[in-house]
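Below is one structure, written out as structure tokens; comments come after it.
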Amino acid sequence: MIFDYIFLDLDGPLLEGKYRHYKCYEDIIKKYGGTALEIDYYWELKRNKITRDIILEKSNFQESYEIFFKEWMISIENEKYLNLDILKPEVVETLKSWRNITDKIVLVTMRQNREYLLNQLDRLGILCLLNEVIDCPPQRKNTKYEALKDKIFNNAIFIGDTEEDTNTAKMLGIKSIGITNGLRNKKFLEADYYYEEIKDIDFNRLEINE
């Protein structure tokens, strides 16, 4: 099986972002007042799409939602937090193995700071394994679809861990693989196929052209 493109999300499929997200949240809570939730509880709320205002209420946050959101957007991609990201299991080996089935592995992410993004990918040893890195404005509607809609392909697939990823695949008319050990619980993904991690994907068992 040969793909023209494998489109791939970053945070969740390739990187474990739990620790970065939590530390950023915790630091903002400490700065403005409140009690940070325990990390596993916080992450389970995030995975189940519990909205940020409810999480802040549970944390007894002493400032407004707007203050938190502003701090979050400024801070979440700071290098001190990015350094908390770690590679998911067997990511390097998996990306290398995909060279047998595609010539184009394209990373599609809603990161805001391209310089920090590329530095992080290089530091983690995966930048050289990607053919293209696309960063999409996070506030734009259907932002990943807008970034990919002009790509020409016969056979492609999108691998991600959020509804943004699976919806993008639907809009592009291609199949999607939902990574269930990421930012969203499986029940929210509506993917064509599901795997816990990218290392588990067996492309030979997928009926991509069905």
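The values are calculated or read from the model by the stated rules, or taken from the named source; none is laboratory data. Owing to the predicted nature of the structure, the values given are computational and were not obtained by experimental measurement. Here the Cβ positions follow ideal geometry from the backbone for every residue, glycine too, while neighbour counts run over all protein chains shown. We work out accessible area using only protein heavy atoms, side chains counted, and drop any ligands, DNA or RNA first. Shrake-Rupley method; radii C 1.70, N 1.55, O 1.52, S 1.80 Å.
Over 21 Å from D9 (Cβ atoms), open to solvent by 70 Å² or more (accessible area, probe 1.4 Å) and at pLDDT 95 or above: which single residue out of K104, K96, K70 fits that description?
Answer to the check: K70.
Considering every residue within segment 30-53, establish whether at least one is in contact with a strand residue (DSSP E or B) (Cβ under 7 Å, 6 or more places away or on another chain) and either more than 27 Å from A191 (Cα to Cα) or exposed (fewer than 15 other Cβ atoms within 10 Å of the Cβ) (or both).
Within segment 30-53, not a single residue is in contact with a strand residue (DSSP E or B) (Cβ under 7 Å, 6 or more places away or on another chain) and either more than 27 Å from A191 (Cα to Cα) or exposed (fewer than 15 other Cβ atoms within 10 Å of the Cβ) (or both).
From K49, K30, K18, grab the single residue that is more than 28 Å from V91 (Cβ to Cβ) and either at pLDDT 95 or above or of a type outside the set (S, T, N, Q) (or both).
K30
In segment 54-69, which residues are within 27 Å of L189 (Cα to Cα), aliphatic (A, V, I, L, M) and touching a helix residue (DSSP H, G or I) at 6+ places or on another chain (Cβ under 7 Å)?
I55, L56
Here are some conditions: (1) among the acidic types (D, E); (2) touching a helix residue (DSSP H, G or I) at 6+ places or on another chain (Cβ under 7 Å); (3) closer than 22 Å to K170 by Cα; (4) surrounded by fewer than 15 Cβ atoms within 10 Å (Cβ to Cβ). E132 meets all but one. Which one does it not meet?
Unmet condition: (2).
Would you mind stating whether L124 is hydrophobic (A, V, I, L, M, F, W, C), free of Cβ contacts under 8 Å to residues at least 60 places away in the same chain and touching a strand residue (DSSP E or B) at 6+ places or on another chain (Cβ under 8 Å)?
When the stated conditions are applied, L124 does not pass them.
Can you confirm whether segment 13-20 contains a residue that is touching a residue at least 12 places away in the same chain (Cβ under 8 Å), exposed (fewer than 15 other Cβ atoms within 10 Å of the Cβ) and out of contact with any His (no Cβ under 8 Å at 6 or more places or on another chain)?
Checked segment 13-20: no residue is touching a residue at least 12 places away in the same chain (Cβ under 8 Å), exposed (fewer than 15 other Cβ atoms within 10 Å of the Cβ) and out of contact with any His (no Cβ under 8 Å at 6 or more places or on another chain).
If we keep just the residues of segment 94-129 that are among the β-branched types (V, I, T) and within 15 Å of T168 (Cβ to Cβ), which is farthest from the chain's Cα centre (by Cα)?
Filtering first and then ranking leaves V106.
Quick check: anything in segment 170-182 open to solvent by 60 Å² or more (accessible area, probe 1.4 Å) and in a helix (DSSP H, G or I)?
Checked segment 170-182: at least one residue is open to solvent by 60 Å² or more (accessible area, probe 1.4 Å) and in a helix (DSSP H, G or I).
Within the group I39, I28, I55, I50, which residue is of a type outside the set (K, R) and touching a residue at least 40 places away in the same chain (Cβ under 8 Å)?
None of the other options fit; the residue is I28.
Within the group K199, K151, which residue is touching a residue at least 60 places away in the same chain (Cβ under 8 Å) and in a loop (DSSP other than H, G, I, E, B)?
Checking each option against the conditions leaves just K151.
For residues that are outside any helix (DSSP H, G or I) and on the phi < 0 side of the Ramachandran plot, scanning just segment 135-148, find the one that is surrounded by the fewest Cβ atoms within 10 Å (Cβ to Cβ).
Among those that are outside any helix (DSSP H, G or I) and on the phi < 0 side of the Ramachandran plot, it is K141.
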